[in-house]
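Encoded as structure tokens, the structure appears first; notes follow it.
The values are calculated or read from the model by the stated rules, or taken from the named source; none is laboratory data. Just so we're clear, the structure is a prediction, and the values are computed from it rather than from any experiment. Side chains included, ligands, DNA and RNA excluded: accessible areas come from the protein's heavy atoms. Shrake-Rupley method; radii C 1.70, N 1.55, O 1.52, S 1.80 Å.
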Amino acid sequence: MSEAERRRVVVGVSGSLGSLAALHRGAFEAHRRGVGLLAVGAWEPPRGALAHPSSMLTPPMAEFRQLADERLRTALDSAFGLAGPGVPLRVVAVWDRPGRALVRAADRAGDLLVIGAGRRGRVRRALFPSVARYCLAHAACPVLAVPRSPLHRELAAVRRRVSLRLPLNAGELTDDRP
């Protein structure tokens, strides 16, 4: 196996804006290094699906897997469109917790693990463990944590206004502000 085949850029993909930014940065890094891009989407069955093994109904694992594959493909289409990333791309959907799946996928010394990172509120931090922190603590290769886009805050403010049915001045969203 040549040096280029041993090295690769591994990117965590969830479909969030942060993971889309990580995909773009991962494609850039793969192109710059002359290596392939491995897009990893981690999935788990809904909580409680496996809680009762004596249940008469078995969870539809094939459907869960298919939904994870579709979510991963949709994220890749959103990020790159029909043109693709411009580097060799391999796509994997893994049944595991996101942090653990990414650390296991980026198991080579020459890998670069690219993840989306950003600020999270207290509630999200308490309920959901940070994938970025897990990867930074456990990865055997370098980890590149891509911060949120500056436009993320503006988009979140627009979503809040829309969900609360508050008036929204579309003129504030354009570059031609007075």
Gain in length, residue 16 to residue 97, computed as 0.36 nm per residue apart minus the alpha-carbon separation, to one decimal in nm?
27.6 nm
Contour minus end-to-end for residue 144 and residue 83, with contour as 0.36 nm per residue of separation and end-to-end as the Cα-Cα distance?
19.5 nm
Just to make sure I understand: if all protein chains stay in place, what is the order of 91, 162 by accessible area at 1.4 Å, largest first?
162, 91
